[in-house]
1. Name the residues in region 17-45 that are touching a strand residue (DSSP E or B) at 6+ places or on another chain (Cβ under 8 Å), outside any strand (DSSP E or B) and crowded, with 17+ Cβ neighbours inside 10 Å, would you?
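The values are calculated or read from the model by the stated rules, or taken from the named source; none is laboratory data. In this text the structure is predicted, and so the values were computed from the model without any measurement. Every residue, glycine as well, gets a Cβ built from its backbone with ideal geometry; the counts of neighbours run over all protein chains shown.
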Amino acid sequence: MTTTLSPSTPLTAIDRCDRCGAQAYVRVTLTAGGDLLFCGHHFREHEARIRPLASNVLDQTAELSSPSVPSTDDL
Ligand SMILES: [Zn+2]
């Protein structure tokens, strides 16, 4: 076991909800191993069932309330 990621690694725009493919704002680390990613909508929908299975929940849904920033991507 040398590949353990930090559970506090922030979610980014490339992390996608496992259910709908929208940008993920919540990462659930399962006690049984593995991660699940959810958008805010699907996390709320499944939260009651997921919480008992989770060893860690990284919730970044607060960022949803941030004003959208115009893209400065100049690639
Ligand atoms: Zn979703």
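1. Narrowing region 17-45 to residues touching a strand residue (DSSP E or B) at 6+ places or on another chain (Cβ under 8 Å): 17-19, 22-31, 35-40, 43.
If we keep only those that are outside any strand (DSSP E or B) as well, we get 17-19, 22, 24-25, 31, 39-40, 43.
Passing the criteria: 17, 24, 25, 39, 40, 43.
Conditions tested, residue by residue: (1) touching an Asp or Glu at 6+ places or on another chain (Cβ under 6 Å); (2) more than 15 Å from the ligand (Cβ to nearest atom); (3) at pLDDT 95 or above.
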| position | (1), (2), (3) |
| --- | --- |
| 16 | no, no, yes |
| 21 | no, no, yes |
| 26 | yes, no, yes |
| 37 | yes, no, yes |
| 64 | no, no, no |
